[in-house]
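Only one structure is covered here, and it is reproduced in the block below.
The values are calculated or read from the model by the stated rules, or taken from the named source; none is laboratory data. Not measured: the values here are computed from a predicted model. Here Cβ is always computed from backbone atoms with ideal geometry, including for glycine, and neighbour counts include all displayed protein chains.
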Amino acid sequence: MRDWIELTNGWRRTALAAALLCAAAHGAVAAATATDGLRFEISAAPGLLSAPREGRVLLVIARSATPEPRRLIGQTGVHGPLIVARDATLGGEAAATIDAGCAAFPRASLAELEPGEYQVQAVFDHSLDLRMVDAPGNLYSDVRREKLDPAAGVVRLELTRAVPDERLPADGENVRFVKIESRLLSAFHGRPIFLRAGVLLPSGFDHDDTERRYPLCVSIGGFATRYTSLRRMAESSRFRREWTAADTPRFVLLLLDGTGPLGDPYQVNSANNGPYGDAITQELIPEIERRFRCIGTPASRFLEGGSTGGWVSLALQIFYPDYFNGVWSFFPDGVDFRAFQLIDIYEDSNAYVNRHGFERPAARDVNGETVFTVRHECQMEIVLGRGDGWTMSGGQWGAWNATYGPRGSDGRPVALWDAKTGAIDRSVIEHWKKYDLRLVLEESWATLGPKLRGKIHVYVGEADDYFLNNAVHLLHDFLKRADPPFEGEIRFGERQGHGWTPLSTAEMLRGMSARLEAAK
């Protein structure tokens, strides 16, 4: 389980080393105009769209055809492929023009492309329900080799392929896949919204006495981890060895799906994503417990996860303190917004530039070298986001903003900061406080403390790639003096980066089993 989480932290967690992008380069995106010069005309092949559709057209210009250029969308790094994008309506004879006036990454504009031979591929992202480039129904072109000159030329690309309709993977040995329509989420969004999940059954489940019931471990992976990742986890030799060992307690494991209309929904109720927390606890978990012979009591439900899953698991335990009996949170996303990575949303005035006037890092290596900055990462999300908005990107910062922030009059998430300047909008801070887990605990400890006694376990490396250890220290500072005592565990790994886990799967499950036994 821990190995699998480290492998599936999403495209944000596999970023290449990158240098800083200067502020002037980002400002040039908006200033660029398209009069002469290189441009692309992109259209959809007849029959692929039944009616005109609005969406985001993304053009990828790469040096290599392997992997397919579209597979590189979302990666950071100044040496990556050039991605240029704009909103468009396609269908019929309509075409989208991609030129020097469109949002671009990692360069500021298509005009900065060096002349040469490239592999080009276009994508039309028009899915409303799964915010991901390869969502079912999205269109893409074949990869084509082109000799490009940014000074002049017109290249026409046709979107000839569609991502196939969604099909649940076939069940396997002790592996099941589930998809149910959520009444709560469908009512919020005004159209059918589905919850997907992977279920891993204990060894021998199909041959057990049908009266036997099992505790439930709800697992949440890294950013945007899909439920289909369960099969890879189950096939990992190390995990399989621990899961099936005679001395490992037998659980049903439920893997939640990390994708929704605005990216990873973080599995909690929010103004933009809708009531995901209620849907998970009122609809999905009861259905899983019914289908797969779970005990189905609060004492028998546990949570675990890493990175995004670390935050989600801890948040679900806090927001539903009587529903779960313990959380094992590994390297969680920011649990205190005084350390939202390196941003103090309450005191800082700018997300991109720190109080010393320097570009603020978003990621580092274990030796402290900057890998990329907040501005750099947000520039990538601007290219992904509809309306050239990072809040609609489905990327990491966009997903956080959609979860923690208010909904605007236009139906879109209100940005915590200005996309160009990084200036923080203080008017939205009050809404964000609802998701500052340390603040929620501190303000409500008289009520929450007795309910969370012994339930909280948090682990993080002191050299976490995304500075997540800073927020855990702030959480620890409160819990050390909390009254009544929290009686859980917070542990830090010296010189350990993102993905550090001091517990094996078996050790974690034994901790959960001990709490279940104590509750009997």
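For region 301-309, state whether one or more residues are outside the structural domain of His126 (by TED's automatic domain parsing), part of a helix (DSSP H, G or I) and closer than 30 Å to Arg250 by Cβ. Yes, there is a match, as at least one residue in region 301-309 is outside the structural domain of His126 (by TED's automatic domain parsing), part of a helix (DSSP H, G or I) and closer than 30 Å to Arg250 by Cβ. Out of the residues in region 140-166 that are among the aliphatic types (A, V, I, L, M) and in contact with a Gly (Cβ under 8 Å, 6 or more places away or on another chain), which is nearest to Leu48 (Cα to Cα)? The extreme case among them is Ala162.
Across region 378-410, what is the number of residues that are among the small types (Gly, Ala, Ser) and surrounded by fewer than 22 Cβ atoms within 10 Å (Cβ to Cβ)? Here the count works out to 4. Go through region 369-390 residue by residue and tally those that are touching a helix residue (DSSP H, G or I) at 6+ places or on another chain (Cβ under 8 Å), closer than 24 Å to His126 by Cβ and part of a helix (DSSP H, G or I). Adding up the residues that qualify gives 8. The residue list Glu462, Glu494, Glu442 contains one member that is more than 24 Å from the chain's Cα centre (by Cα) and more than 17 Å from Pro321 (Cα to Cα), which is Glu494.
Arg250: touching a Gly at 6+ places or on another chain (Cβ under 9 Å), of a type outside the set (S, T, N, Q) and farther than 30 Å from Val428 by Cα, yes or no? Criteria met by Arg250. Residue count for region 110-133, restricted to those that are small (Gly, Ala, Ser), in contact with a Pro (Cβ under 9 Å, 6 or more places away or on another chain) and farther than 18 Å from Ser43 by Cα: 1.
Region 109-167 holds strands (runs of 3 or more DSSP E) entirely within its bounds, and those carrying 2 or more residues that are outside the structural domain of Asp388 (by TED's automatic domain parsing) and among the hydrophobic types (A, V, I, L, M, F, W, C) map to 116-125, 154-159. Within region 425-466, restricting attention to residues that are of a type in the set (D, E, K, R) and outside any helix (DSSP H, G or I), the residue that is nearest to Lys480 (Cα to Cα) is Arg453.
For (1) farther than 22 Å from Ser229 by Cα; (2) surrounded by 17 or more Cβ atoms within 10 Å (Cβ to Cβ); (3) at pLDDT 95 or above, each residue gets a yes or a no:
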residue: Gly274; (1), (2), (3): yes, yes, yes
residue: Gly277; (1), (2), (3): no, yes, yes
residue: Val312; (1), (2), (3): no, yes, yes
residue: Leu316; (1), (2), (3): no, yes, yes
residue: Ser329; (1), (2), (3): no, yes, yes
residue: Pro332; (1), (2), (3): no, yes, yes
residue: His356; (1), (2), (3): yes, no, yes
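Any idea how many residues of region 413-449 are among the polar types (S, T, N, Q) and either modelled with pLDDT under 95 or closer than 19 Å to Asn273 by Cα (or both)?
Count: 0.
Determine if region 234-248 includes at least one residue that is surrounded by 22 or more Cβ atoms within 10 Å (Cβ to Cβ) and closer than 19 Å to Leu284 by Cβ.
no
Filtered by the rule that a residue be of a type in the set (Asp, Glu) and within 23 Å of the chain's Cα centre (by Cα), region 159-215 gives Asp165, Glu166, Glu181. For Ile424, the conditions (1) under 29 Å from Val383 (Cβ atoms); (2) surrounded by 14 or more Cβ atoms within 10 Å (Cβ to Cβ); (3) over 23 Å from the mean Cα position of the chain (by Cα) all hold with the exception of (3).
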